[in-house]
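What follows is one structure encoded as structure tokens, with my remarks underneath.
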Amino acid sequence: MKSLISSVIALLAIDTSAVSQESNIILRQPNSTIGSYVELGGFINIISINLDYQYTYRSDENGRDQIGIRGGYGLFLYNLKTIPALIVGSHGDNHRFEYGLGAMATPFGIPDEINLSTTLLKPSASVGWRFEQTGGGWLVRGVVTGVYDTGNKALIPLFGISIGANFQFR
């Protein structure tokens, strides 16, 4: 295990020095964002409250690349409650391409009126557009999400629109 960690660190160090010598890329920029927003639709919800954290690991003249995590809590018809959790990435400046992989949990059960299997975790993937003001401010998102219901063996396509605020810190 120690040799694996050492190898990864060595590769990152080699990659970082090679990239920074060839271009004007600033690696490991200490800039992160925390986003807090309300989403209509998405993840089988009518409305959800979400929080995400994104870390900028590269920035150049074409924008910045970020990786992070997202979690939330949503409500749907018939009192269905969901908890989405994803690993997300994004690229761009203020207007950003966003993508993620994760799962939707239904730990509070599935009402009989909703045709979902009772499996606790349902894998998901999302892609969309995100606008966030530089230095903090408004956050607006549009996203397409696919949730795979493993019990019913069905892909559920979903759409969401979000609005909220983002906070940047160094």
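Some notes on this structure:
- For the criterion of being closer than 18 Å to LEU139 by Cα, of a type in the set (Lys, Arg) and out of contact with any Leu (no Cβ under 7 Å at 6 or more places or on another chain), ARG70 fails.
- Among the numbered conditions (1) surrounded by 15 or more Cβ atoms within 10 Å (Cβ to Cβ); (2) in a strand (DSSP E or B), the only one that HIS91 does not meet is (1).
- Number of residues in region 109-134 that are within 30 Å of PHE167 (Cβ to Cβ) and either of a type in the set (Gly, Ala, Ser) or touching a helix residue (DSSP H, G or I) at 6+ places or on another chain (Cβ under 9 Å) (or both) equals 4.
- A Cβ distance below 8 Å, combined with a sequence gap of six or more or placement on separate chains, defines the contacts here; from region 96-108, residues that are under 18 Å from GLY128 (Cβ atoms) reach residues that are in a loop (DSSP other than H, G, I, E, B) in the pairs MET104/PHE43; MET104/ILE44.
- Here the condition is being among the hydrophobic types (A, V, I, L, M, F, W, C), buried (at least 17 other Cβ atoms within 10 Å of the Cβ) and part of a strand (DSSP E or B); of LEU101, LEU86, it holds for LEU86 alone.
- Looking across LEU155, LEU80, one residue alone is in the same structural domain as TYR37 (by TED's automatic domain parsing), surrounded by fewer than 20 Cβ atoms within 10 Å (Cβ to Cβ) and at pLDDT below 90. It is LEU80.
- Some residue of region 52-71 being within 11 Å of the chain's Cα centre (by Cα) and small (Gly, Ala, Ser): yes
- Of residues in region 30-57 being more than 25 Å from LEU77 (Cβ to Cβ) and touching a Lys or Arg at 6+ places or on another chain (Cβ under 7 Å), the one modelled with the highest pLDDT: ASP52
The values are calculated or read from the model by the stated rules, or taken from the named source; none is laboratory data. Here the structure is a predicted model, which is why all the values come from computation and not from measurement. So basically every Cβ, Gly included, is an ideal-geometry build from the backbone, and we count neighbours across all protein chains shown.
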